[in-house]
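These notes concern the structure reproduced below.
Bear in mind these aren't lab numbers, they're just calculated from the coordinates by the rules spelled out. Here the structure is a predicted model, which means the values were calculated and not measured. Here the Cβ positions follow ideal geometry from the backbone for every residue, glycine too, while neighbour counts run over all protein chains shown.
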């Protein structure tokens, strides 16, 4: 099977990532990049990437699974959008409450720690709660 520039570019990015993560030496990176960038067939690309772990998104089974369930993708997008809207309203509400607190009581060390800490804690809970909902089958 013939390969094009997008496939060669993806292989080059994978090789550079493995080099950054310490799996390849500079010489091995240069050799494999040369092989990948000159590849005309999929087998040549595979030889440039041999013995290197691939990211889950590059695994063909992960791609097939994502294509099999478009309803899940739509559901995950809706969960992400809903979480973002809730977070946005929460952040604006906290900002208004913080400004009102400062206007009414003046700046205090407690307010300068409590409001950002509360904002961060609830933001973290929203993100991880949404992440758990998105990962459900």
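Ordering 85-98, 9-22 by mean Cβ neighbour count within 10 Å, with the highest value first, yields 9-22, 85-98.
The orientation-averaged projection of the convex hull spanning the C-alpha atoms of region 69-135 amounts to 4.3 square nanometres.
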